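I have placed the structure first, in the form of structure tokens, so that the comments after it can refer back to it.
The values are calculated or read from the model by the stated rules, or taken from the named source; none is laboratory data. Computed from a predicted structure; not experimentally measured. Cβ placement follows ideal geometry from the backbone for every residue including glycine, while neighbour counts extend to all protein chains displayed. Quick note on the areas: whole protein, heavy atoms, side chains included, nothing else; ligands and nucleic acids left out. Shrake-Rupley method; radii C 1.70, N 1.55, O 1.52, S 1.80 Å.
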Amino acid sequence: MEIKEIKTVFTEYRSVDELNPEDRELASSAIHAMGRAYAPYSHFHVGAAVRMSNSQIVEGANQENAAFPSGLCAERTAMFAASSRYPDKDIVSIALAGGVYGRITDMPATPCGACRQVMAQYQTKSGKPLSVIMIGKSCVWKFDKVDDILPLIFDSI
Ligand code: THU
């Protein structure tokens, strides 16, 4: 028997201003997309922005529904829109921000497990790392690949 450990590596920035220009642009798009959330139940507005391998940015925001499971997170809204729009391109990066009534959370909003699984699949599809940027008011986190937020990714089928 042996105890094993899985480590996660990420970069913490003090603000979006410290990001490289491409990531800063993506972060701005994610913040902008928060304004398009439809969240009459939780009032938690989430914006996401996806960068494709052709440099295009596709935005998405969470969409809620009275039949709760029918709604969709911002990240999946953005990724599905992006992959539908550019089926032959890869998703290179995704950024997200969220907060009650559109006020960005102090600490970065982190993606739910289902969104991580969808990110993992697009990363596997592309065969290249898909980076994830989580935006908060007091700091910004960048994970260089989905494995860093979803260890032991399920891609066995
Ligand atoms: N939400 C997202 O859009 N992304 C996440 O990763 C977690 C949660 C949304 C779903 C719901 O509309 C609201 O935030 C509250 O859970």
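Summary table below
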{"read-out": "Subset of the stretch 19-34 that is under 21 Å from residue 107 (Cα atoms) and open to solvent by 70 Å² or more (accessible area, probe 1.4 Å) - its residue that is nearest to the ligand (Cβ to nearest atom)", "value": "32"}
{"read-out": "Given (1) closer than 22 Å to residue 139 by Cα; (2) within 11 Å of the ligand (Cβ to nearest atom), index of the condition residue 118 fails", "value": "(1)"}
{"read-out": "Filter pass, residue 95 being modelled with pLDDT of 95 or more, open to solvent by less than 70 Å² (accessible area, probe 1.4 Å), in contact with an Asp or Glu (Cβ under 9 Å, 6 or more places away or on another chain) and not in a strand (DSSP E or B)", "value": "no"}
{"read-out": "Members of the stretch 42-81 found to be farther than 21 Å from residue 92 by Cα, among the small types (Gly, Ala, Ser) and within 7 Å of the ligand (Cβ to nearest atom), listed by number", "value": "42, 71"}
{"read-out": "Unique residue being over 25 Å from residue 36 (Cα atoms), open to solvent by 70 Å² or more (accessible area, probe 1.4 Å) and of a type in the set (Lys, Arg) when the list is 125, 137", "value": "125"}
